[in-house]
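Trainee: Handing you a structure now.
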Amino acid sequence: MSKPIIFIACDTTSTKKVRKIIKESQNSKIKFGYKFGLEFLNSKNGRNFISKLKNKITFGDYKFADIPNTCAAAVKAVKDLKFNYLTIHLSAGKEALRAAKKVSGSTKLVGVSILTSLDNKSLKKIGFNKNVKKLVKIQAKLAHQTNLDAVVCSGQEVEIVKKVFKKEIITPGIRFNSKTNDQKRVLTPKQAYKNGSDWLVIGRPITKGDIKKNIQKLIDHLSQ
Ligand code: C5P
């Protein structure tokens with residue numbers, strides 16, 4: 001297997017913790033990128049911290065979901081942070097996806113499909129009458145039609161997405177050494193790569209506890 005590429009989800013409000021995550025994941029057998037989600041992006045010092053990061057692969061996980069004009073304006077508003085990847089919910093709809101893609105420039109625009117914390121039962125409760133697999137397939141087609149650069153989906157839907165969307169696939173909901181937490185559709189890193197994910201997103205299994213030891217466990221898991 002070629003060098004695995006993994007985004008570490010830096011889910012914290014502490015710049016000190018993010019500095020630690022970056023320091024302890026450098027010079028690894030794994031190529032790491034850093035994903036910043038709503039927690040860090042909305043924290044007091046988050047934006048300023050990201051603006052000073054150099055030579056890192058960065059992922060702004062804003063999960064935009066709004067009307068087309070607002071989505072496009074939001075993509076423009078974070079341009080100065082020069083993210084390599086930026087997310088928008090596929091459920092924002094075709095027009096919003098098109099509008100955001102039009103202004104995303106060299107940043108890869110990533111469409112987020114049904115969250116990995118939801119399962120068929122949860123979808124029913126919010127009024128969807130299609131199951132996860134069917135919805136994700138429809139959403140992947142939307143990503144293809146709007147020329148997005150990547151799709152986020154659980155490891156369990158990678159094969160379905162690959163049939164209709166031919167670019168990068170990014171998979172969260174990865175577990176190899178710990179609890180599922182709030183995630184419902186989880187897979188191990190090996191299973192996700194086997195299914196065809198290009199990038200994995202891993203948060204708590206790396207960032208909780210001893211980061212270096214967790215990374216070593218991940219390397220051991222991948223080389224088994
Ligand atoms: O800690 P954990 O590995 O569960 O973190 C997963 C990360 O991926 C979180 O930052 C979460 O916001 C993000 N994510 C997700 N499911 C999606 C899209 C993003 O868990 N469908």
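The values are calculated or read from the model by the stated rules, or taken from the named source; none is laboratory data. Given the structure is predicted, the values throughout are model-derived calculations rather than measurements. Cβ atoms come from the backbone with ideal geometry, glycine included; neighbour counts cover every protein chain shown. What goes into the accessible areas is simple: the full protein's heavy atoms, side chains included, and nothing from ligands, DNA or RNA. Shrake-Rupley method; radii C 1.70, N 1.55, O 1.52, S 1.80 Å.
Trainee: Using label points projected 7 Å from each Cα along Cα→Cβ, tell me how many nm separate ILE67 and LYS166, to one decimal.
Mentor: Output for this residue pair reads 3.6 nm.
Trainee: Give me the one-decimal nm value for the distance between modelled label points at THR180 and ASP210, 7 Å along each residue's Cα-to-Cβ direction.
Mentor: Roughly 2.8 nm, to one decimal.
Trainee: Here is a further query. For ILE206, what accessible area in Å² do you get when you roll a 1.4 Å probe over the heavy atoms of the protein chains, rounding to the nearest 10?
Mentor: Counting only protein heavy atoms, the figure is 0 Å².
Trainee: From the helices alone, meaning DSSP H stretches of at least four residues, give me the mean residue ellipticity at 222 nm for the chain, per-run term -39500 (n - 2.57), in deg cm²/dmol to the nearest 500.
Mentor: -11000 deg cm²/dmol
Trainee: Out of segment 106-157, which trypsin sites (Lys or Arg not before Pro) are coil in DSSP terms and have no more than 15 other C-beta atoms within 10 Å?
Mentor: LYS130
Trainee: In addition: Can you give the extra length, in nm with one decimal, that the chain gains between THR13 and ASP220 once fully stretched, where that is 0.36 nm per residue apart less the Cα-Cα distance?
Mentor: Net length gain for the segment: 71.5 nm.
Trainee: Quick check: at a probe of 1.4 Å, how many percent of the accessible area of segment 82-224 sits on carbon and sulfur atoms?
Mentor: Reported share for carbon and sulfur atoms: 50 percent.
Trainee: I've got another one for you. How far, in nm, would the chain grow between LYS20 and PHE128 when pulled straight, counting 0.36 nm per residue and subtracting the alpha carbon separation?
Mentor: 34.8 nm
Trainee: Check cross-link reach from LYS29 to the aspartates and glutamates: straight Cα distance under 12 Å, and skip same-chain residues fewer than eight apart.
Mentor: Within reach: ASP220.
Trainee: Mind checking which lysines have their Cα closer than 29 Å to the Cα of LYS125? Skip sequence neighbours fewer than 8 apart in that chain.
Mentor: The qualifying lysines are LYS63, LYS94, LYS133, LYS134, LYS137, LYS141, LYS162, LYS163, LYS179, LYS184.
Trainee: Next question, about the same structure. If you take every residue apart from LYS137 with its C-beta less than 10 Å away from the C-beta of LYS137, what net charge results, scoring Lys and Arg +1 and Asp and Glu -1?
Mentor: Combined, the nearby Lys, Arg, Asp and Glu give +4.
Trainee: For the chain, what ratio Rg/Rh do Cα atoms give with a Kirkwood hydrodynamic radius?
Mentor: 0.95
Trainee: A follow-up question, please. What Kirkwood hydrodynamic radius, in Å, does segment 96-224 give when the mean of 1/r is taken over all pairs of distinct Cα atoms and then inverted?
Mentor: That comes to 15.6 Å for segment 96-224.
Trainee: With every protein chain left in place, what is the accessible area per residue of the chain in square angstrom, probe 1.4 Å?
Mentor: Roughly 51 Å² per residue, with all protein chains present.
Trainee: Just by accessible area at a 1.4 angstrom probe, what is the order of ILE67, ILE114 from largest to smallest?
Mentor: Most to least solvent-accessible, the answer reads ILE67, ILE114.
Trainee: Could you sort 85-91, 75-81 so that the peptide with the highest average Cβ count within 10 Å comes first and the rest follow in order?
Mentor: 85-91, 75-81
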